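Heads up, the thing below is written out as structure tokens.
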Amino acid sequence: MSAWVLPEAADGSAVREAVVRTGPSGLLLGHGRTGPITIRLFRPNPTRLLLAVPDYVTWLLAFRCISLGAHLSIIANERRRWQGLADAVGMCGGTVDFLEPSDQLPSQGRPYRPSLVIDDSAGFDGTTVPLGPWQAVMMTADATHSGAVHLLRSCDMALASPCDTKTADNLRRAYVLNPRQLKLTNNLEGNEVALCMPRRVNRVSIPPTPTEYGLLFGAR
């Protein structure tokens, strides 16, 4: 927990009374062994996140970004796969649009109106597209592919599940992971993912809440 304290008083003395306590900041992924795990997806510098996970994880993270005020742009070969997410976003007061690979993206986001782009199209390259401040791109990818190492190195972080031998090896090569860190990618449970970045791995449980499940995956 971090404590926010009042600034110095007029006479120059510091006020030490803690008036607000906050938890971890950023986008909540889920829970690790020691508590909640968040990532700073939206920040003054652009962020690229590779997703080699089941579709429900991508939907869940995109939906949680809406609670941070994000506008969602989806670039997909099969729009029908994403229509349920788009409907849920619109129903909850968020904004979303479908774009073609050749369409112009939002140039940037703002601190309280970030921009999230989902790259699920073979005709779009989220690793090279120009991004602005407070903007992030989530790229769906096959982490077992021979070219995955290049994609992983082009991203700030990655989520992977399940992690077979090929996926683990690509993660090791891309993020310089040691054997102890790679063990955290083994035998992931059904609702667990491995959060990987250079020289760091976290094992995260990321189940949807009952409300999220009802809005995203419940009967319509």
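Rg and Dmax of the chain, both derived from C-alpha coordinates alone, stand at 18.8, 64 Å. Taking a Cβ cut-off of under 12 Å around LYS166, the surrounding Lys, Arg, Asp and Glu residues balance to a net charge of -1, with basic ones at +1 and acidic ones at -1.
Name the most mobile residue of LEU195, LEU151, LEU99, meaning the one with the largest mean-square fluctuation, in a Gaussian network model of the chain with Cα contacts below 10 Å. Among LEU195, LEU151, LEU99, the largest GNM mean-square fluctuation belongs to LEU99. A cut-off of 5 Å between modelled amide H atoms, ignoring neighbours fewer than 5 places along the same chain, links ILE37 with LEU29, GLY30, HIS31, GLY32. Residues whose amide H comes within less than 5 Å of that of THR95, counting only those at least five positions distant or on another chain, are LEU72 (H built at 1.01 Å from N in the peptide plane). Please find, in a Gaussian network model of the chain (springs between Cα atoms separated by less than 10 Å), the residue of THR167, THR34, THR144 whose mean-square fluctuation is greatest. Most flexible of the set in this elastic network: THR34. Annotation: the residues GLU212, GLU78, sorted from fewest to most other C-beta atoms within 10 Å of their own C-beta, follow the order GLU78, GLU212.
The protection proxy used here, the mean number of other Cβ atoms lying within 10 Å of each residue, ranks peptides 61-68, 178-185, 45-52, 81-88 as follows, highest first: 45-52, 61-68, 81-88, 178-185.
If you take all other residues with their beta carbon under 9 Å from the beta carbon of GLY69, and give Lys and Arg +1 and Asp and Glu -1, the sum is +2. Look at SER121, SER154, SER107 and count the other Cβ atoms within 10 Å of each Cβ; fewest to most, that gives SER107, SER154, SER121.
Neighbours of VAL149 by Cβ distance under 14 Å: Lys/Arg scored +1, Asp/Glu scored -1, total +2. Each of HIS31, HIS71, HIS150 has some number of other Cβ atoms within 10 Å of its Cβ, and from fewest to most they run HIS150, HIS31, HIS71. Couplings for the range 96-106, taken from phi via the Karplus curve 6.51 cos²θ - 1.76 cosθ + 1.60 with θ = phi - 60°, read 8, 9, 9, 10, 8, x, 8, 6, 7, 7, x Hz in order; Gly and Pro are left as x. Mean residue ellipticity at 222 nm, helices only, the chain: -7000 deg cm²/dmol; runs of at least 4 DSSP H residues each add -39,500 (n - 2.57), and the sum is divided by the number of residues.
Rule-based calculations on the coordinates, nothing more; no lab input. Quick caveat: nothing in here was measured; it's all calculated off a predicted structure. So basically every Cβ, Gly included, is an ideal-geometry build from the backbone, and we count neighbours across all protein chains shown.
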